[in-house]
Amino acid sequence: MDKKLFFEAIIKFALGLLIIGKLIFLPANTINFWNGWLFMGLLFIPMFIAGIIMMIKSPDLLRKRLNAKEKENEQKQVVALSGLMFLAGFIIAGLNFRYSWIVIPNIVVIISSIIFIISYILYAEVLKENAYLSRTIEVQKNQKVVDTGLYGIVRHPMYSVTILLFLSMPLVLGSIISFVIFLVYPLIIAKRIKNEEAVLEKELVGYSEYKKKVKYKLIPFIW
C-alpha cells in the first residue's frame with residue numbers, strides 16, 4: 001500500500017467531513033438537524049468505501065481523483081463558481097432549517113435520497129469504465145477514447161451523474177431555496193464541457209471521431 005497516498009486520502013476525507021459539517025450545522029445552530037446527518041451519511045459513507053476500494057484495486061485512479069488543481073484558466077473559474085455554489089447552498093440549507101423558512105415534505109427528502117444513492121452507483125460505474133478519469137482537464141500519457149458502456153450513450157456520463165447527484169443534495173437537506181441555488185450547476189457544467197471538448201479534440205487522438213459517433217453530451221436525445 002502507498003502510505004503517502006493513504007494519508008493524503010485520509011486527510012482530504014477528514015477535511016471534507018469537517019468543512020461540510022461546519023457549513024451545514026453551524027448555520028442550523030444545532031446538531032439536531034436530521035437532514036444534515038442524513039446527507040452526511042449518504043455522502044461520506046459511500047465515499048469512504050469507494051476510497052478504500054480504489055486504494056486497493058486502483059491507486060492510480062484514486063491519485064487522479066485527489067488531484068483537483070486545474071491547469072486551464074477557464075476551468076479554474078468553473079471550480080471557483082462551483083465552490084461558491086456549494087458554500088451558498090449548504091449555508092442556506094442550515095439557515096432554512098434554523099428558521100423554518102420553507103419546509104418540504106419528508107417524501108421529497110426520501111425520494112431525493114434514493115436518487116442520490118442511484119447517482120452514486122452510476123458514479124462508481126463511470127469510474128469503473130474510464131480509468132483515465134481525473135478531476136482536472138488533461139490528456140494523460142497513452143490515454144485512449146472510451147466509447148463503451150455509459151460512454152456509448154453520452155460523451156460525459158460523469159457530468160450527467162453529478163448533475164443528478166448535486167441537484168438531489170439540497171432536497172436531501174430539506175431546502176428548496178438551496179435547490180434553486182444549485183440549479184446554476186448545469187450552466188457551470190456546460191461551460192466546463194465547452195472548454196474540455198476543445199482540449200480533447202486538440203490533444204486526444206480519436207476524440208473528433210468519437211463526437212460524431214456519440215452525438216449527445218449529457219442527456220440522450222436532448223443535449
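Derivation of every value follows stated rules applied to the coordinates shown; laboratory data play no part. Quantities reported herein were computed from a predicted structural model and do not represent experimental measurements. A quick note on method: Cβ atoms are made from the backbone with ideal geometry, for glycine too, and the neighbour counts reach across all protein chains shown.
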Length gained if VAL108 through LYS12 is fully extended, taking 0.36 nm per residue and subtracting the Cα-Cα distance, is 31.5 nm
Out of ALA131, ALA190, ALA80, a Gaussian network model of the chain with alpha-carbon springs under 10 Å gives the largest mean-square fluctuation to ALA80
Between SER100 and ALA50, the two model label points (7 Å from Cα along the beta-carbon direction) sit apart by a distance in nm of 3.6 nm
Dividing the helical contributions, -39500 (n - 2.57) per DSSP H run of n ≥ 4, by the residues of the chain yields a 222 nm value, nearest 500 deg cm²/dmol, of -24000 deg cm²/dmol
Length-normalised contact order of the chain, Cα under 8 Å, at least 6 apart, in percent, tallies to 27 percent
Computed about the Cα centre, the charge dipole of region 1-116 from +1 Lys/Arg and -1 Asp/Glu charges at the Cβ has a magnitude in debye, to the nearest 20, of 260 debye
For 41-48, 23-30, 98-105, ranked highest to lowest by mean beta-carbon neighbours within 10 Å, the order is 23-30, 41-48, 98-105
The size of the Cβ-based charge dipole (Lys, Arg +1; Asp, Glu -1) of region 3-213 about the Cα centre, to the nearest 20 debye, is 400 debye
Nearest-0.05 FRET efficiency for SER208 and ALA131 at R0 = 30 Å, using Cβ-Cβ distance, is 0.85
Over 18 Å (Cα to Cα) among LYS128/LYS215; LYS4/LYS57; LYS64/LYS215; LYS76/LYS194; LYS144/LYS211 -> LYS128/LYS215; LYS64/LYS215
Expected vector for region 211-223, Karplus 3J(HN,Hα) from phi with 6.51, -1.76, 1.60 and θ = phi - 60°, integer Hz, x for Gly and Pro, equals 4, 6, 6, 10, 7, 9, 7, 10, 10, x, 6, 10, 8
The helix 106-129 Cα axis meets the longest alpha-carbon principal axis of the chain at an angle in degrees, between 0 and 90 and rounded to 10, of 20 degrees
With the dipole of the chain defined by +1 on each Lys or Arg Cβ and -1 on each Asp or Glu Cβ, the option from SER58, PHE39, PHE97 whose Cα lies farthest towards the positive pole is SER58
The chain, convex hull of Cα, quarter of hull surface, nm² -> 12.5 nm²
